[in-house]
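Engineer: Handing you a structure now.
Rule-based calculations on the coordinates, nothing more; no lab input. In this text, all values refer to a predicted model and were calculated from it rather than measured experimentally. Here the Cβ positions follow ideal geometry from the backbone for every residue, glycine too, while neighbour counts run over all protein chains shown.
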Amino acid sequence: MSFKNILENFSYYRRDAEDGGHHEYDHRFGMTIDLDICTGCNSCSTACYAENNLAVVGKERFEKGQAMHWMRVERYWDNIEGDYAEEGAKFLPMLCQNCGAATCEPVCPVAATYHTPDGLNAQVYNRCIGSRYCSNNCPFRVRYFNFWSYYEDSWPEPLNMQLNPDLSVRDKGVMEKCTFCIQRIRTAKDKAQREERVMADGDVVTACAQACPTGAIVFGDTMDPDSRVSKLWEKHQVHRGPFLQKKDKTNEEIRGYRIFDELNVDPSILYLERVRDTEV
Amino acid sequence: MSVKVNRRKFLKMLGWGGAGTALTGCDLPTTVTLEEGKEEVVSYLMPEEYAIPGIGVWYASTCTQCEAGCGLHGRVREGRVLKVEGNPDSPVNHGKSCMMGQSTVQSHYNPDRITSPMMRKGSTLQSVSWDEAMSALTSKIGPDSGVKGDRVGMITGTVSGHQAVIIDELLAQVGSKNHYVHEVINTSVWSSVCRDMLGDEMPKLNYDKAGVILSFGADFLGTWISPVHNMGEYAKFRKGARGSLIQVEPKMTLTGGNADLWIPAKPGTEGALALGIANFIIERGWNAVDVPSSIAKTLNQYTLTAVEKVTGVPVNKIKRIASMLTERAPSLVIAGASTENHENGYDAVASVMLLNLIMGNIGKTIEASAKFPEKALRAKQGNTKDLLLLAKALKDNKLDVLFTYNTNPAFTAPAVLQVSEGLSSVGFKVAFSMFPDETTLQADLVLPIHSGMEDWGTHVPAYQPDTSSVLSLQQPLMEPIHKETRGFGDIMLSMLKLRNKNFGDFPDYYSYLQTAVANMPADVTGSVEGASKDIWSNVLQKGIVKAKASANALTPKLVDMKFKVKHDNSGYPMHLVPSARLGLWDGRHANIPWLQEFPDQIAKVVWGSWAELHPKKASELGVKNGDYVRVTSASGSIEAQVYIHKGIHPDAVSVPMGQGHDEFGRYAKGRGVNPLKILNPLMERRTGELATHATRVKVTNAHKHEKLVHLGGSETQVGRKFVKTISVDQLRRTEGEA
């Protein structure tokens, strides 16, 4: 990007983040997770392990925080004033938010993590040198570093036969993270191209969304106004772009929110608030 | 057919012996022959025209990880199965799957599978050839062995479909009635009550139609009846008008974690709470159905204050629940393990069911289920009564031959029952098994079987969630990984052939099953379209058969209830809750590395056992997270690390089932403790089930500490808002009632 280029195309490069910033997007994949019907059952997490060749690290490494759960279900106990957790537990499926203005991207010294035209934070494994700056800079703690060559003991034969050949097994020294099942996106794109049509809503379903027994997870293209996910974003008055969204809501009580919205990172995941019947 | 068999006998061999088949004889397909079955065995080595390298093909099958019978689609690429997902056509799971279903592949590819037959020579099990194994089997239990009658037994997990048919057939040939069907995680007491009070052992529950669900320990989102199905219905229940969920249980289950109101009643007093609610409703005249004065009179003693005293649940809460049941009718009131498995479990569940009856829920949220037309194929549901019966038979030296399949009694039986020791009194133990678990390693002959993804089968779920009943077909998703494993059906068939020549017509279980499906009576084939000769391929493609079901109405009836709370001051002040978790289940999945690494849904602990305690109790004992406590019952003791939270009754200590294996491969062996081992041999009075939640214990500080390995650095959001919670009012204002 030469200086001349910037001057000549200034109006293009000065676009606001809502308009995609300097990106020319084909798609902007996003997700909605309804915390009211999420039961915290761990199905999504298991499906993710099965789809994405995630290594099992064992108890000792888990203790050190080295587990590779791209999709993890967190559980919180809060505001328990009485003797009992009368309102149950709070479950939160946490995965890479594939931020539009991702904090992990600019700090990578070798541009191993970059923004794709599909709106994903991609991780180029063979470019990654393992500086771990990205994971240091991620407010969601959803980047996972291969401290060890997990393949050496994570898939003793014949467990290795289960590995998904559509994506690689990562080696020591490489950062990895949720990709929104990029291999499924690729397959769906190829299929649509072969059938000479544009991708339709529902062509790509991530492993987690597919497995979710309550259908709490909805995945799709937020640029396609007819997709289920776009409609949910619209209904909950949350739109793409990094600026605080609260002021945009005609009704502040509407459920949709994005985690750490105040950091202006433009997360691609819309969460819907958990509901509890306080009259009970 | 080489041997003349009459039509009726032939159909019975195939499992179609019941009513209806005789009438449809003329409609039976005549084009399908046994010989055709032989011809159509197509090896996966011959690529199908649609098998393109690099492209995954999805085949329908059935999940065998628990008894729910979810339909699966398995992705097969280059001859390997890579991933499973739910079969959208299955009315059980509607294309969804749970963590255990997803982990089927790790069971199938498990590095600790048994790869060749083994025979006990001296004190050790040694690898032998199949020829040697089968000749040992023939000489020990064949027609010339002289072994017959009730000295032969078989213990299995829940079985259904043609698996149940051939097990029945073999035992009938031998002349034995000893088929023990054992599952620790079961709903036997619930089923007994439903049978007596509703006339249907497994009624259909319409969660989505309920305004409020009151659950007495039924972990329907995690471990109760058909979890994946229930979760789908739960989503419908929460959407739209958004029903409310009240959960009463001593230890928070996954369902409790999702409740709007979670209440711990004193363990074993749940029945009193149900009767207290019923009494209050009747007093106020809120009941939708008239109650006979005799019942109302019995209920009289359950006044609000009396119930508060017994259960520890405050009066205002009891009143609130009663008015919720009334205001938000229809309701659904259910009961699960922590209510069922006490000595008074039957009466407690009957008290719970009484609420459904008086609130008029029958026919609304509880309906008669669709029964599969063919009785022989219906599920034989596992229980713990049969485990007690087996323990007694072993103790009394009643068995010469014992087959074990799909169950691990040496692990699940309380130590005091001495099942493990008793097994040594059985002359010849044959284990059909995939893994070297505790029971298998005690066998005299170990027959390695195919995994669920290598074997054929049919499954009829015990819980039928649709208006038509369903049979789910299990087909191999790939060639067997190990050369020396065989299908359970194949081995059974070769044993049957020794005694019943008619089975000689079937070269293998595949052809047996194919013939059976092709000869399905018309009242079963219901949903299968196409000419009769295409039935088999249609069923293979879809994976399920929806059979017509007779529509019976429920017949509500009140039973005599004698609910008594047991007081025990024998020096064991605490209640042990051996909790079940979606994941490791009763311990059968402890050898799956994924399921070991996934945190428990509530405690978030990984790779081990823990004991849950209330903060009050923990401070009394002077323990903090990670400290070890010793849990001692009259029958033994175990040690586990403490996890402290407010989702447990202060008088209860909960240790999850699943860990504590002495054997069972590298991922399970020597990890954690098994709470089932220290249970007292107490029985539920009316059903004879093992009262797994009735054991009293004392908990002492073991003065040992290790870091508790669990997910999450912080137990709270520390003031940040990751998970925001709003009230139903707010939801109604914004999204309204759909």
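Engineer: So in chain B, what percent of DSSP beta bridges are antiparallel if you round to the nearest 5?
Structural biologist: Working: 47 of 89 bridges.
The answer is about 55 percent antiparallel.
Engineer: Computed over the Cα atoms of the stretch B:188-367, what is the ratio Rg over Rh, Rh following Kirkwood?
Structural biologist: 0.92
Engineer: For a label point 7 Å from the Cα of B:Val416 along Cα→C-beta, name the residues of the stretch B:568-586 whose backbone N is under 18 Å from it.
Structural biologist: B:568-579, by backbone N distance to the label point.
Engineer: Give the relative contact order (percent, whole number) for chain A; include only Cα pairs under 8 Å separated by 6+ residues.
Structural biologist: 26
Engineer: Using the 4.7 Å Cβ rule, please list in number order the cysteines from chain A without any candidate partner.
Structural biologist: A:Cys38, A:Cys41, A:Cys48, A:Cys99, A:Cys108, A:Cys128, A:Cys138, A:Cys181, A:Cys212
Engineer: Report, in debye and to the nearest 20, how large the dipole of chain A comes out about its Cα centre when Lys and Arg carry +1 and Asp and Glu carry -1 on their Cβ.
Structural biologist: That gives chain A a dipole magnitude of about 820 debye.
Engineer: Of A:Val205, B:Val174, how do they rank once you tally other Cβ atoms within 10 Å and put the fewest first? Each step should come with its number before you reach the end.
Structural biologist: Numbers: A:Val205 17, B:Val174 22.
Ascending Cβ contact count within 10 Å gives the list A:Val205, B:Val174.
Engineer: Please list, ordered by chain and number, the residues whose modelled amide H lies under 5 Å from the amide H of B:Leu402; skip anything fewer than 5 residues away on the same chain.
Structural biologist: B:Gly153, B:Phe428, B:Lys429, B:Val430
Engineer: Using amide H atoms built 1.01 Å from N in the peptide plane, name the residues 5+ places from B:Tyr302, or on other chains, whose amide H lies under 5 Å from its own.
Structural biologist: When sequence neighbours closer than 5 places are left aside, there are no close amide H contacts.
Engineer: Let me ask something else. Neighbour counts of other C-beta atoms within 10 Å: give me A:Phe62, B:Phe563, B:Phe598, A:Phe10 arranged from fewest to most. Display every interim value, and only then the final one.
Structural biologist: Working: A:Phe62 21, B:Phe563 18, B:Phe598 29, A:Phe10 9.
If I rank by nearby Cβ atoms, fewest first, I get A:Phe10, B:Phe563, A:Phe62, B:Phe598.
Engineer: Please compute the alpha carbon radius of gyration of the protein assembly as shown, then divide it by the globular-protein estimate 2.2 N^0.38 Å. Two decimals is fine. Walk me through the numbers on the way to the answer.
Structural biologist: On the way: Rg = 28.8 Å, N = 1018, 2.2 N^0.38 = 30.6 Å.
That works out to 0.94 for the protein assembly as shown.
Engineer: Still on this structure: Could you give the distance between the Cα centres of the stretch B:359-393 and the stretch B:444-460, to the whole Å?
Structural biologist: 24
Engineer: When only Cα pairs under 8 Å and 6 or more residues apart are kept, what is the percent relative contact order across chain B? Can you show the working numbers first?
Structural biologist: Numbers: 1677 pairs, mean separation 136.4, N = 738.
The normalised contact order for chain B reaches 18 percent.
Engineer: At a 10 Å Cβ-Cβ cut-off, how would you order B:Ser494, A:Ser2, B:Ser338, fewest neighbours first? Please report the intermediate quantities before stating the final value.
Structural biologist: Values: B:Ser494 17, A:Ser2 7, B:Ser338 34.
Least crowded to most crowded, the residues run A:Ser2, B:Ser494, B:Ser338.
Engineer: With both partners inside the protein assembly as shown, how many of the DSSP beta bridges are antiparallel, as a percent to the nearest 5?
Structural biologist: Values: 65 of 114 bridges.
Around 55 percent of the beta bridges assigned by DSSP in the protein assembly as shown are antiparallel ones.
Engineer: Quick query: amide H of A:Thr113 versus all other amide H atoms, modeled in the peptide plane; which residues come in under 5 Å with a sequence gap of 5 or more or a different chain?
Structural biologist: A:Val124
Engineer: Next up: Nearest 10 degrees, 0 to 90: what angle lies between the long axis of helix B:270-284 and the longest principal axis of chain B (Cα atoms)?
Structural biologist: The helix B:270-284 is inclined about 60 degrees to chain B.
Engineer: Find the relative contact order for the stretch B:188-367 and round it to a whole percent, using C-alpha pairs within less than 8 Å whose residues are 6+ positions apart.
Structural biologist: Numbers: 333 pairs, mean separation 58.6, N = 180.
Once divided by the residue count of the stretch B:188-367, the mean separation gives 33 percent.
Engineer: So if each residue of separation counts as 0.36 nm, and I subtract the Cα-Cα distance between B:Ala172 and B:Lys669, what length gain in nm does that give?
Structural biologist: 175.2 nm
Engineer: Counting DSSP beta bridges in the stretch B:188-367, what percent are antiparallel, to the nearest 5? If you can, show how the numbers build up before the last one.
Structural biologist: Details: 2 of 16 bridges.
In the stretch B:188-367, approximately 10 percent of DSSP beta bridges are antiparallel ones.
Engineer: Relative to the longest principal Cα axis of chain B, at what angle does helix B:345-358 sit, 0 to 90 degrees, rounded to 10?
Structural biologist: Taking Cα atoms only, the helix is inclined about 80 degrees.
Engineer: Let me ask something else about it. At a temperature of 37 °C and a viscosity of 0.692 mPa s, determine how fast chain B diffuses translationally according to Stokes-Einstein, using the Kirkwood radius over alpha-carbon pairs as Rh; express D in µm²/s, rounded to the nearest whole number. Don't jump to the answer; show the numbers that get you there.
Structural biologist: On the way: Rh = 26.9 Å.
This corresponds to a translational diffusion coefficient of 122 µm²/s.
Engineer: Residue separation times 0.36 nm, minus the C-alpha to C-alpha distance between A:Phe260 and A:Val107: what's the value?
Structural biologist: Values: separation 153, 0.36 × 153 = 55.08 nm, distance 1.90 nm.
Here the answer is 53.2 nm.
Engineer: To continue, here is another question. Could you state the number of Å between the C-alpha centres of the stretch B:237-251 and the stretch A:158-235?
Structural biologist: If we compute the Cα centre of each part, the gap is 32 Å.
Engineer: So, one more: I need two numbers for chain A: Rg to one decimal and Dmax as a whole number, Cα atoms only, in Å.
Structural biologist: 19.8, 67
Engineer: Based on the Cβ-Cβ distance from B:Lys319 to A:Lys231, what FRET efficiency comes out when R0 is 56 Å, to the nearest 0.05? Spell out each step's value before the answer.
Structural biologist: Numbers: r = 42 Å, r/R0 = 0.75.
Given R0 = 56 Å and the Cβ-Cβ separation, E is 0.85.
Engineer: Can I ask one more? Residue by residue through the stretch B:169-186, which ³J(HN,Hα) values in whole Hz follow from phi under the Karplus form 6.51 cos²θ - 1.76 cosθ + 1.60 (θ = phi - 60°), with glycine and proline marked x?
Structural biologist: My calculation for the stretch B:169-186 gives 4, 5, 5, 5, 4, 6, x, 10, 9, 8, 9, 8, 10, 10, 9, 6, 8, 9 Hz in order.
Engineer: Mind checking the dipole of the protein assembly as shown: about its Cα centre, +1 per Lys or Arg Cβ, -1 per Asp or Glu Cβ, Debye to the nearest 20?
Structural biologist: Working: 114 positive and 117 negative charges, 335 e Å.
For the protein assembly as shown, the charge dipole is close to 1620 debye.
Engineer: Let me ask another. Determine the distance separating the Cα centre of the stretch B:552-601 from the Cα centre of the stretch B:160-227; give it in Å without decimals.
Structural biologist: 15
Engineer: With charges only on Cβ, +1 for K and R and -1 for D and E, what is the dipole size of the stretch B:500-623 about its Cα centre, in debye, rounded to 20?
Structural biologist: 440
Engineer: Moving on. So what J values fall out for the stretch B:436-445 if you push phi through Karplus, 6.51 cos²θ - 1.76 cosθ + 1.60 with θ = phi - 60°, rounded to Hz, Gly and Pro as x?
Structural biologist: For the stretch B:436-445, the Karplus curve yields x, 8, 4, 6, 4, 6, 8, 6, 8, 9 Hz.
Engineer: Continuing with the same structure: ³J(HN,Hα) across the stretch A:258-271 via Karplus (A = 6.51, B = -1.76, C = 1.60, θ = phi - 60°), whole Hz, x for Gly/Pro?
Structural biologist: Values per residue, Gly and Pro as x: 10, 5, 6, 4, 5, 7, 6, 9, 6, x, 8, 10, 9, 9 Hz.
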